[in-house]
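The values are calculated or read from the model by the stated rules, or taken from the named source; none is laboratory data. Just so we're clear, the structure is a prediction, and the values are computed from it rather than from any experiment. Backbone-built Cβ (ideal geometry, glycine too); neighbour counts: all protein chains shown. Ligands, DNA and RNA are excluded from the accessible area calculation, which covers all protein heavy atoms including side chains. Shrake-Rupley method; radii C 1.70, N 1.55, O 1.52, S 1.80 Å.
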Amino acid sequence: MIALPSLRDLDRESAVRIWLCIAATDMRCSFDRLADLAASVTGQDPLSGHLFLFRSRAGDRLKALYWDRDGYALWYKRLEEGTFKLPRLDPHSKSLELRPSELAMLLDGIDLKSVKRGRRYQRRTT
């Protein structure tokens, strides 16, 4: 029998945490400024290997910064049409942690505000 992965399986496998900085970021910022923002906005160490996401004011650009063993790596995406559909954001928060599955949906154009997770049975472990 073939075992198909669930979203929970995909989310559980990664030790890398994904942080979205909620406030719009100047997309002219490069490595060092984004690393400073990652530390001050999320309270996390930018050298941790976690992924830090920054969005543009218009919502059509996304930068991802992460530490790759011996230096920072920067990934940048500009949409030719449309905007990234972010999850519901708490206006009082500076950052939001995303699951890997949520990042995949965000990059695929799925509106995270309309995604609803239904209740599921969870067996209690003792």
Has segment 116-126 got any residue that is at pLDDT below 90 and open to solvent by less than 100 Å² (accessible area, probe 1.4 Å)?
yes
Report, ordered by the first and then the second residue, all pairs with beta carbons closer than 8 Å, sequence separation of six or more or different chains, a first member in segment 62-76 that is surrounded by fewer than 18 Cβ atoms within 10 Å (Cβ to Cβ), and a second member that is of a type in the set (K, R).
L74/K63; W75/K63; Y76/R61; Y76/K63
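Sort through P87, P5 and tell me the only one that's at pLDDT below 95 and surrounded by fewer than 11 Cβ atoms within 10 Å (Cβ to Cβ).
Matching residue, one of P87, P5: P5.
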Where S30 falls short, out of the listed (1) closer than 19 Å to L89 by Cβ; (2) exposed (fewer than 13 other Cβ atoms within 10 Å of the Cβ)
(1)
Taking the stated definitions as given, is L89 touching a residue at least 12 places away in the same chain (Cβ under 8 Å), within 15 Å of the chain's Cα centre (by Cα) and either within 18 Å of S101 (Cα to Cα) or assigned to a strand (DSSP E or B) (or both)?
yes
A24 in contact (Cβ under 8 Å) with a residue 24 or more places away in the chain, part of a helix (DSSP H, G or I) and among the aliphatic types (A, V, I, L, M):
no
Count of segment 91-110 residues which are within 18 Å of E81 (Cα to Cα) and not small (G, A, S)
5
